[in-house]
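Following this message is one structure expressed as structure tokens.
Every number here is computed from the coordinates shown, using simple stated rules; none is lab data. Note that the structure is predicted; figures quoted are calculated from it, not measured. Here the Cβ positions follow ideal geometry from the backbone for every residue, glycine too, while neighbour counts run over all protein chains shown.
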């Protein structure tokens, strides 16, 4: 691997045709001979990505096309490979939270909480009920934000830009709630092992209640603009269907799987963080086409909304973090007064707390499906091996099969309805 | 219709010679002013910062106020390359090619820690700052930066553009700069 | 302004001839098609000059606007480099030359035998080229041929659709 | 495949003839956009208007002084260790006699540098600091940079100015 | 409700001495087995009428440099949705000949997961149709997740390593 | 003053007007989009962003002019020129107002009055596609080529339906001259009242001819980046964008002339009477008519934008289906119904078709409860 890319001589003529990305020589015209299909049609190669506007994250698809019909697609990923798993092997556990932030950046709280729960499982910490409820609220807000982005971007890719900006305002409100909770909008670094880093403030509760008030009309408006619009229906129904067998084979999970009609949801199958306390349904689709995916996400937004409402109504009193002094940072005042607290403080920050040797797998229902953390600890300050099960990475491999035989426009809609998040895809 | 806030700072007219019915100014300044108010972005969004850029484009912050809401995904048509998010070493040649394909005058904003310096991703696969492959005009810190900061970056770039002489792109200094990046015109 | 009209006519005719020659002399088929479009456009201008606006516009819509678009459509898909290297042996060249001469002779012969009606200023009727006159003619004097032609076109259209439908395989567009 | 009893099918009913004719959906969509046309805009005119970001927003770093104007930092290095981006570096020095009015503890940071482009504003340094010396301000951003040379902030830019003390204010 | 014991008993009766042992971590059982048995075992679990482990949750490679003769490990993480039960199957291969049969014909999703494991650890999945690097550039000549590579970016200039704890 | 010069001035004014309108359409588009999306749009360059078009133009003129290495240089340049030329030519026959009286001459406020005016617009529009096709082909880029192909087939297909829907109007008027068509609508009898179906078809086709959403397939951002103008930079791109806005303005003018009475407005006779019969009064009345026409046209420009920021776009085959399978049969139906109406001299007869269609839809919606309907399935193609 070359260290200094600036000296690489990959230079092309400046006024070369603007293909969006590098020409992939071996897959384009082979030695000037056009690619010909079985029945003698001359095929073209279209290089979609890595910087094509519809590849929201960054991945490349080299499509072989017959006119506007796609014959085959070869996806290339790894354009923002950041080696999360390698970095995690030399970071103390609490610093890995910042890495999980950047994995599925549309719903970082879910990733944060998933990671915290994994570690809590390893350390054997029992999280108090209030903290669990706060986590649920944050996770469901994150799910709403995630699905809002996906669905509104699907609108953008099909040409309806305006709905995107309507729901974006609501997403902005969700970010304000995060900000009240942890001080950042997107990469939240929210929560700590054993609970939350701070309680829900009055302002945060006010904002959540305000959100509950103001969200439904906007969402209804968004649905009204697209759900029963024939142009949209025609664009999406029957496009990129995924059968149940195919979904199982390709390891689908999350909304994309449920669109195919399988009601697998980690929140229901393996409830974590008090999800068993809440009443909600699992929206499922029929044939797993783009319309189903869209509608399932819409349905999930409403379900999440229901959960948030229940959680904020029944928010239990009590502490917002576990009583685990060796893992949870003591309050700053304690650090001055209490010698023990000071020692713990230093030990926690330095990562010197002994971690039990062992292994744990914990999965949460992320924005895109089962988000799992497989943590193997050898007792050191950082994980021996941390394998993240990233749903996007697994189901995106079905994309070439899904876009076979459809038109270019369909391929793009399928891509955005799958909600492939590059950070999660490439890790 | 909503009332217009009165405190919006409009662009001041450039210095020039006013008279009854005419207003002469340095042509160069007018063009620079025009350019600065019509910076069409090429969003090179790879990760988190791209999501914040969406927020910047959105109703609450509205990049359109600065005349830069027309995202042109074709490098030919854009004026500023907004690199948002981590640039892996696999991606670096593509950033560079996109930059090469852009028509002059072109500017680059590195948005966020990852694009500016690699951020927390101090690993084998991540490029430690895009200024190793393309010249950068403005760095915006933050991970991701708030929309306000992205707007700050755009306004800073407007300032740069406003003060850029028309002939800068032909100057030997600029050629030398490009050459130091191995970009031949 | 008869003199202006004359000058216009000469310029137009020259341009028409040049573009018509360009159609066959230019090697790049793309240019060739575009010259043909230009030729049609200039021919339409001739019609306008003759006060036959309807014919002119229809010529423009049908030939320049629709048929030539399809031509261009086809040419756009051609791999131009292939056709340039097409070799022509002497036999075809001689054949082409002979054929061309024969056609030229036929044209000259037919033109020579033609009787030109000479229009005079007092016979000139402004409304001759108008669509009303044309409509009157078509739907009164020539109703039968007109209807026959429409039926013919209709049959051709149906035939084209049927042939197009017979394409094998899935949808292609 | 039915795994739970909580599944709920989505609405995917056949289009009615009215929906098939495009126009009703188009009309209702256009009514929505027109309604928004006359709505009050939530836009914040940023450089002129600034939003209050909440009391715990993680912005510009600041090295606090105590009431007497002495630096709180004791150069223990916890913040540097806690930093996932490894953006903080410092050089510790012993406090000399006569410097008691400058530094609160016996040890202080002679050099304290943060690489602002590396920093990811995660707030872990603030949490790690046992002396409550480093904070992330809620009311100020790190400005944008125009060159790589200015991105490393030393103590001159980080230490609190006693004339304009930083206070973390809650919601009014 | 399926228990780990049932599965263990069933597997023992089916594969007997091919199983090197069992381990249980937080309710998920790991089955240690040999490279040759892994695939038949997974196929067996897939087709078993009651177990129905039809979902491949994850496939992870791990590097144990100290475990001579079995430096590289592959963990298959299976999930039976109908029973809502998870199980892990682990195998060890020597680093000199890391040949593991591919699972693509059982689970299509194994395709990229195996490519990722190859990319990170250099595990050679025999029978994989397209075993090339997936996340890293193809010219790379080492396997980055192996423990011997610290792999911080060597070109980083703005860091001081002198501080303790790093 | 010579009548020639008056005419020349009028032509120049119309020419300049379409340019200015096109220029400010770009501003209006951004403003309209902004306001519909709850944001203010450009407001820094001049008051309310009014200098935004100038800023864009200033920038574009001084941007590097780029010709890709493998592109066909001459055609690459010819593309935007053709687009601009055809866009500007089409406004020649649009009557912007009644006549003005200068001295003893009565001059029509119009570029040229020809008796086949509407066909002229039509012919020029059909040539307009060359700009897009040539530019897209010459760029030597696959995205551009796809855009060009889409543009060509879309324009040809929708021209048909457009022409057919027009025929009904022509049948009612008995003239191809736009001025005649406007004049028959005098006194509030706008064609819209007699040709509702034709109007909808014509408007839809106008959208398609202008490549506007929901028919903006040739340049749709999400799929083809910029379609035919992907490779264009600087003012060549400006020409393309400009041509689109001029086309939009001209088609708005044509729609308001054909279906909305052009410069006619209610009680215009009374207004004209009040203003008096002399030259000044007549000219003022004409000016009011001109203003009314302009407002109508601008409303349609706004309408174009309104639709663009509301609807998703079609897919290529759906677009073709809509054109060939829905609009053309409907247009033919409209012609037949109108013809029957004309035979018995019932001018509003084509409402019958509309009423029947709406009635059937209502009955069907009432008969079938939602639950009884089946599941949406993909429409079989072909």
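Calculate how steeply helix E:35-47 sits against the longest principal axis of the alpha-carbon atoms of chain E, using the helix alpha-carbon long axis, and give the answer as 0 to 90 degrees to the nearest 10.
Tilt of helix E:35-47: around 50 degrees.
So, one more: In chain E, how does Rg compare with the Kirkwood Rh, expressed as the Rg/Rh ratio over alpha carbon atoms?
Rounded to two decimals, Rg/Rh equals 1.05.
With a point put 7 Å past each Cα toward its Cβ, work out how far residue E:25 is from residue C:147 in nm, to one decimal.
Computed distance between label sites residue E:25 and residue C:147 equals 9.0 nm.
If you count, for every residue in A:321-329, the Cβ atoms of partner chains within 10 Å of its Cβ, what is the mean?
Neighbouring Cβ atoms belonging to other protein chains average 0 per residue here.
Something else now. Using a Gaussian network for chain B with springs between C-alpha atoms less than 10 Å apart, which of these wobbles most: B:50, B:112, B:67?
Most flexible of the set in this elastic network: B:67.
While we're on this one: Mean residue ellipticity at 222 nm from the helices of chain F, using -39,500 (n - 2.57) per DSSP H segment of n ≥ 4 over the full residue count, to the nearest 500 deg cm²/dmol?
Helices in chain F give a 222 nm mean residue ellipticity of -21500 deg cm²/dmol.
Separate question: Which value in nm describes the separation of the simple spin-label points at residue D:38 and residue D:96, placed 7 Å from the Cα toward the beta carbon?
It works out to 7.5 nm between the two label points.
So, one more: What is the gain in length, in nm to one decimal, between residue D:150 and residue D:2 on full extension, counting 0.36 nm per residue of separation less the C-alpha to C-alpha distance?
47.3 nm
In whole angstrom, how far apart do the alpha carbon centroids of the range D:41-107 and the range A:255-299 sit?
So the two Cα centres are separated by 45 Å.
If you don't mind, another one. Mind checking the alpha-carbon convex hull of the range A:173-308 and giving the volume per residue in Å³?
140 Å³
Still on this model: Count, for each residue of E:84-94, the Cβ atoms from other chains sitting within 10 Å of its Cβ, then give me the mean as a whole number.
1
Counting each DSSP H run of 4 or more residues in chain E as -39500 (n - 2.57), what helix-only mean residue ellipticity at 222 nm follows after dividing by all residues, to the nearest 500 deg cm²/dmol?
-7000 deg cm²/dmol
I want the antiparallel fraction of DSSP beta bridges within the range E:4-126, as a percent rounded to 5.
Roughly 75 percent of the DSSP beta bridges within the range E:4-126 come out antiparallel.
With just the Cα atoms defining each centre, how far is the range E:25-49 from the range A:172-194? Give it in Å.
41 Å
Taking 45 Å as R0, compute the FRET efficiency from the Cβ-Cβ separation of residue C:154 and residue F:4 and round it to 0.05.
The value I calculate is 0.40.
In which sequence would F:5, F:190, F:351 go, from the one with the fewest C-beta neighbours within 10 Å to the one with the most?
Placing the least packed residue first, the sequence is F:5, F:351, F:190.
Rounded to whole Å, give me the distance from the Cα center of the range A:380-427 to that of the range E:56-76.
Centre-to-centre (Cα) distance: 24 Å.
Out of F:194, F:35, F:240, any idea which swings most in a Gaussian network model of chain F, alpha carbons joined below 10 Å?
Largest GNM mean-square fluctuation: F:35.
Considering only DSSP beta bridges with both partners in chain B, what is the antiparallel share in %, to the nearest 5?
30 percent
Gaussian network model of chain E, Cα springs within a sub-10 Å range: biggest mean-square fluctuation belongs to which of E:117, E:97, E:60?
E:97
Once the Cα gyration tensor of chain F is found, what semi-axes does its equivalent ellipsoid get, as square roots of 5 times the eigenvalues, in whole Å, sorted largest first?
Calculated on Cα positions only, the semi-axes equal 33, 32, 20 Å.
Where does helix D:23-37 land angle-wise versus the long Cα axis of chain D, in degrees 0 to 90, nearest 10?
The helix D:23-37 is inclined about 30 degrees to chain D.
Also, I was wondering about something else. Helix A:339-350 versus the longest principal axis of chain A: what is the Cα-based angle in degrees, 0 to 90, to the nearest 10?
10 degrees
Once the Cβ-Cβ distance between residue D:11 and residue A:279 is put in as r, and R0 is 22 Å, what FRET efficiency do you end up with, to the nearest 0.05?
With a Förster radius of 22 Å, E is 0.60.
For the range A:37-193, max minus min Cα coordinate along each principal axis, in Å, sorted largest first?
Largest first, the range A:37-193 extends 67, 40, 21 Å along its Cα principal axes.
Per DSSP H run of n ≥ 4, the term is -39500 (n - 2.57); total these for chain D, divide by its residue number, and report the mean residue ellipticity at 222 nm rounded to 500 deg cm²/dmol.
Only helices count here, giving -4500 deg cm²/dmol.
Let me ask you something else. Based only on other Cβ atoms within 10 Å, what is the fewest-to-most ordering of D:89, A:382, A:152?
A:382, D:89, A:152
Specify, per residue and in Å³, the volume enclosed by the convex hull of the alpha carbon atoms belonging to the protein assembly as shown.
Here the figure is 225 Å³ per residue.
Right, another one. Roughly what % of DSSP beta bridges within the protein assembly as shown run antiparallel, to the nearest 5?
Restricted to the protein assembly as shown, the bridges split so that about 75 percent are antiparallel.
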